[in-house]
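Structure first, then comments.
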Amino acid sequence: MQTIQHSEIIPAFLEKVKAAPSSALLLDYDGTLAPFQIDRHQAYPYPGILPLLETIQRRRTNLIIITGRPIHEVQSLLSPLSNVEIWGAHGLDHLLADGTRQPVKIDPELQNALNQAEQWLEAQDLLPHAEIKSGGVAVHWRGLSDDHAQALRTQTLQGWSSLSLQEGLKLLQFDGGLELRLNRPDKGDAVASILGNLSPETPVAFLGDDLTDEDGFRRLVNRGLPILVREEYRETAAQAWLRPPHELIQFLEQWLTVSSS
Ligand SMILES: [Mg+2]
């Protein structure tokens, strides 16, 4: 795997963007556009990202965010960027660029199981570490000592063990936490829906950092360009790798250049 300076994959892809009447730029939020923060509500994009996205949006590019966060959180962190299509809660909630909301309905039985996961956290006094979202309950340990994080992880895995076996639910491990959530949709489903609305020739890239982005990467192999954005390389289905923020910004500047011509 090569970084942007050496890879031929990215320049070849950008040539397609240059030639196409329109393109789609799919972006994860946390860890991709924004550095992690102990306070999740302070996780703003890297300096320089917002103006670039704002201009790219006006240059033949469908800008689409695919995130595990609720839509309203990403909207506020991306402000003043507006009219962006957002897939929130790993694809469970969908906001079109024109502001139309298209939420997916949750099975009551699965919702009940998620409520139980939340009640267990409450009974253990763990709600300060919890994030309750559409279709999932997460526990975060970013900022805690290694020992404390490990203890919290073990305790939660035990507490949720029977719930996590329920069909239709899965346990997601991500950088800095754990989430019990609906099996589907995942980010791969969101990518598949997006592809379904594009012509087969439209160039599509998806940039993400985390394990939950791998479902999206796999959907894009042989159809578009999946890109891992991460300081350190790891095993991935992505076909290119960018280190944030420098190489990410460089990539967005190149996207802007080719889509402006
Ligand atoms: Mg991420």
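A Cβ distance below 9 Å, combined with a sequence gap of six or more or placement on separate chains, defines the contacts here; from segment 171-192, residues that are among the β-branched types (V, I, T) reach residues that are at pLDDT below 95 and not in a strand (DSSP E or B) in the pairs V191/G91.
Counting only strands (runs of 3 or more DSSP E) that sit completely within segment 149-208, those holding 2 or more residues that are at pLDDT 95 or above and closer than 30 Å to A19 by Cβ correspond to 204-208. Can you find even one residue in segment 91-100 that is within 16 Å of the ligand (Cβ to nearest atom) and touching a helix residue (DSSP H, G or I) at 6+ places or on another chain (Cβ under 8 Å)? Yes - at least one qualifying residue is present in segment 91-100. Out of all the residues in segment 145-159, is one or more within 16 Å of the ligand (Cβ to nearest atom), among the β-branched types (V, I, T) and on the phi < 0 side of the Ramachandran plot? No, segment 145-159 contains no residue that is within 16 Å of the ligand (Cβ to nearest atom), among the β-branched types (V, I, T) and on the phi < 0 side of the Ramachandran plot.
Considering each residue of segment 10-17 in turn, none proves to be in the same structural domain as Q239 (by TED's automatic domain parsing), in contact with a helix residue (DSSP H, G or I) (Cβ under 6 Å, 6 or more places away or on another chain) and within 30 Å of Q158 (Cβ to Cβ). Residues that are under 30 Å from N112 (Cβ atoms), within 14 Å of the ligand (Cβ to nearest atom) and touching a His at 6+ places or on another chain (Cβ under 9 Å) occur at least once in segment 202-225. Taking segment 5-37 as the range and being in a loop (DSSP other than H, G, I, E, B), within 16 Å of the ligand (Cβ to nearest atom) and either modelled with pLDDT under 95 or not β-branched (V, I, T) (or both) as the test, the residues that pass are D28, Y29, G31, L33, P35, F36, Q37. Within segment 42-75, the only residue that satisfies the criterion of being part of a helix (DSSP H, G or I), more than 14 Å from the ligand (Cβ to nearest atom) and within 13 Å of the chain's Cα centre (by Cα) is I71.
Residues of segment 216-261 that are touching a helix residue (DSSP H, G or I) at 6+ places or on another chain (Cβ under 8 Å), in a helix (DSSP H, G or I), without any contact (Cβ under 8 Å) to a residue 60 or more places away in the chain and surrounded by fewer than 23 Cβ atoms within 10 Å (Cβ to Cβ): R218 alone.
The values are calculated or read from the model by the stated rules, or taken from the named source; none is laboratory data. Values in this document were obtained by computation on a predicted structure and should not be read as measured data. Ideal geometry is used to build each Cβ from the backbone, glycine not excepted, and the neighbour counts take in all protein chains shown.
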